[in-house]
Amino acid sequence: MSGEAAAGLRRDAVGLREVLFQSVTAMAPAAAVAASIPAGAAFAGGSLPLAVVIALVACLFTASCVAELARELPAAGSVATYAAQGLHPAVGFLVGWGYVFVEALVPPLLLLQLGFTAAGTLHDEWASYPAGLWWPWALAGAAVVAVAGYLGVRASARFGTVLGVFEVAVFLVFAGWLIIRAGGHNTLSVFGTSHTADGYGGVSGVFAGSVYTVLAFAGFEAAAPLAEETRDPRRTMRRAVLGAALGIGLFYVVTTYAMSVYFGPGRFASFGAAGEASWEGVARASFGLFWVLVFLAVVNSTVANANACANVSTRTAFALARIRVLPRVLATLHPRYRSPVAGIAVQTVVAVGAMLGLGFGYDPVTAFLLLATVIVTVVIGVYIVVNLACAGYFLRRGRPSLKPVRHLLLPLLGIVAFVPALLTAAGLPVFDFVTKLTAPVSYAGPVVGVWMAIGVVVLLVLIRRHPGRIAETARVHLEEDTPGTVAAQNGAPPR
């Protein structure tokens with residue numbers, strides 16, 4: 001790269017709408033409503049809407065921290081830069097190392113879901129279609145995501161916006177229909193603790209449900225890596241992160257309430273992600289061909305999520321590659337579209353390889369669960385570190401603007417909220433509602449451990465041979481006048 005102007009991502013390419021839907025689609029709202037959130041019904045039962053409210057409040061603590069740091073540090077490195085500035089550049093490197101890894105695994109995860117969802121539904125409709133023929137759909141999704149990424153952030157983000165609007169609109173219309181059809185069964189009692197599942201009475205059932213529900217919020221920070229390609233990033237990033245977390249959180253509350261009162265709070269503990277007691281099952285049984293729109297919205301959600309997370313992984317890899325803590329080739333940009341083409345190529349190879357390798361090695365559903373466990377474990381760990389980084393940044397560098405509630409209390413509450421979710425995702429039976437993981441899903445912990453151990457080795461080598469590169473994880477490129485300047489090296493506050 002011959003300089004910042006030649007090396008930089010396309011400036012001012014997208015605005016609030018696009019980056020808002022970057023976070024929205026990364027949360028995969030339709031897929032979360034149909035598959036992730038129902039996992040909490042086994043504990044919260046008909047009180048699941050209250051569990052979703054609790055999860056929303058908990059996630060807003062961390063979303064607030066991400067939004068504060070995104071405003072102060074508009075960088076493609078996002079969480080890596082935040083950790084480097086708020087804690088230490090070495091921590092920033094390890095956060096970036098883990099974040100690139102898991103965000104690169106999200107597209108194969110979603111492509112697996114696309115494959116088995118499409119194949120299963122087609123088999124249900126036409127028995128002659130093989131239920132195991134999932135891979136063509138997954139490969140088609142991979143091709144769509146790769147092309148969108150290649151054409152640059154403007155095309156990719158606008159594509160995500162269209163997909164996001166469709167999936168949210170379908171489920172909101174369906175939710176409104178459910179509320180109307182529920183008639184006199186509409187009740188605010190689902191926001192209390194009287195409908196929890198047997199064996200998980202009262203507050204304990206709602207808390208257990210909220211822990212599983214909180215996983216549906218992962219991805220609200222996905223707008224942050226687009227900071228260097230966004231108009232007015234300091235203002236836009238903050239609004240996008242908070243807007244996505246709050247807006248989709250309320251979407252989750254409305255849709256969960258609608259299905260709970262329609263299906264029946266007393267029997268909602270049996271509600272799940274498949275079969276008659278599911279969103280698609282209810283749509284098939286009671287709303288005619290509307291189930292087709294529900295199915296398309298879920299399929300749409302998988303592609304949109306894969307697209308958004310491919311943006312995250314390639315931008316974070318670009319940010320680390322341009323300071324040479326990852327291979328420099330990952331910083332290669334397309335001369336016209338300014339897209340990180342080498343990163344997109346690597347992302348596509350990883351996605352297709354992991355998808356086909358694990359999908360055929362086990363089966364697509366088992367592969368999905370294994371990848372999901374790896375991803376959620378690391379992402380929640382990153383959220384905890386970002387909460388710490390928020391407090392550290394404003395204590396160490398932003399003391400004049402320090403707000404104790406926003407910069408100290410909320411990070412603490414965010415950590416407290418995500419620790420139970422981390423233990424649940426890892427299958428550590430600290431709480432009685434946590435299910436111990438079995439093979440091969442239990443391999444997720446060792447996989448994460450090995451990857452992070454490799455990261456520590458790389459970190460030690462870089463510290464020994466190129467200490468300046470690690471220091472540059474704290475660098476905010478967007479508003480620097482001189483390419484070689486690293487504000488953090490002299491303790492100067494970032495611009």
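Could you tell me whether segment 329-390 comes out rounded, prolate or oblate from its Cα gyration tensor? Rule is a ≥ b ≥ c as square roots of the eigenvalues, rounded for a/c under 1.5, then prolate if a/b exceeds b/c, otherwise oblate. It is oblate, given that a/c is not under 1.5 and a/b is not larger than b/c. Residue separation of residue 329 and residue 286 scaled by 0.36 nm, minus their Cα-Cα distance, works out to 10.1 nm of gained length. Put simply, the Cα atoms of segment 32-91 extend 45, 18, 17 Å along their principal axes, the longest span coming first. Only Cα sites of segment 380-420 enter the Debye sum here, all with the same form factor; the resulting log10 I(q)/I(0) across q = 0.29, 0.30, 0.33 1/Å is -0.91, -0.95, -1.06, listed in q order. Normalised per residue, the accessible area of segment 44-92 is 16 Å², obtained with a 1.4 Å probe and no contribution from ligands, DNA or RNA. Using unit Cβ charges (K, R positive; D, E negative) and no other charged atoms, how large, in debye to the nearest 20, is the dipole of the chain about its Cα centre? So the dipole magnitude of the chain works out to roughly 1460 debye. May I ask for the Rg/Rh ratio of segment 205-274, computed from Cα atoms with Rh as the Kirkwood radius, given to two decimals? So for segment 205-274, dividing Rg by the Kirkwood Rh gives 1.14. Size descriptors for segment 140-201: radius of gyration and Dmax over Cα atoms are 19.9, 52 Å. Checking Cβ-Cβ separations below 4.7 Å across the chain identifies 59, 309 as cysteines lacking any candidate disulfide partner.
Principal semi-axes of the equivalent ellipsoid, √(5λ) from the alpha carbon gyration tensor of segment 91-147, are 32, 11, 6 Å from largest down. In the chain, the DSSP-assigned H stretches of four residues or longer account for a calculated mean residue ellipticity at 222 nm of -21500 deg cm²/dmol, using -39500 (n - 2.57) per stretch and the full residue count as denominator. Both the radius of gyration and Dmax for segment 1-129 are 19.6, 60 Å, in that order, over alpha-carbon atoms. As a rough guide to protection, the peptides 454-460, 317-323 ranked by mean Cβ packing within 10 Å, highest first, stand as 317-323, 454-460. Post the alpha-carbon centroid distance, segment 334-350 to segment 185-224, in whole angstrom. Result: 39 Å between the Cα centres. Per residue, the accessible area of segment 405-471 comes to 56 Å² when a 1.4 Å probe rolls over the protein heavy atoms. Listed peptides 158-167, 127-136 appear in the order 158-167, 127-136 once ranked by packing, highest mean of other Cβ atoms within 10 Å at the front. When only Cα pairs below 8 angstrom with a gap of at least 6 residues are kept, the chain shows a relative contact order of 32 percent. Taking R0 as 30 Å, what's the FRET efficiency between residue 435 and residue 180 from their Cβ-Cβ distance, rounded to 0.05? The value I calculate is 0.25. Binning the C-alpha pair distances of segment 167-314 at 10 Å intervals from 0 yields a P(r) profile of 10, 33, 33, 18, 6, 0 %, listed from the shortest bin outward. Computing FRET efficiency as 1/(1 + (r/R0)^6) for residue 126 and residue 187, where r is the C-beta to C-beta distance and R0 is 51 Å, gives about 0.80.
Taking every protein chain into account, the accessible area of segment 223-345 amounts to 32 square angstrom per residue (probe 1.4 Å).
Taking 25 °C and 0.890 mPa s as conditions, segment 243-306 diffuses translationally at an estimated 190 µm²/s according to Stokes-Einstein applied to its Kirkwood radius (Cα pairs). Surface composition of the chain: carbon plus sulfur atoms contribute 68% of the solvent-accessible area (1.4 Å probe, protein chains only, all chains present).
Summarising the label geometry, the points placed 7 Å from Cα in the beta-carbon direction at residue 296 and residue 198 lie 4.1 nm from one another.
The values are calculated or read from the model by the stated rules, or taken from the named source; none is laboratory data. All of these numbers come straight from a predicted model, not from anything done at the bench. Methodologically, a virtual Cβ is constructed for each residue, glycine included, from the backbone with ideal geometry; neighbour enumeration extends over all protein chains shown. For the accessible areas, the whole protein counts, side chains as well, though only heavy atoms, and no ligand, DNA or RNA atoms are used. Shrake-Rupley method; radii C 1.70, N 1.55, O 1.52, S 1.80 Å.
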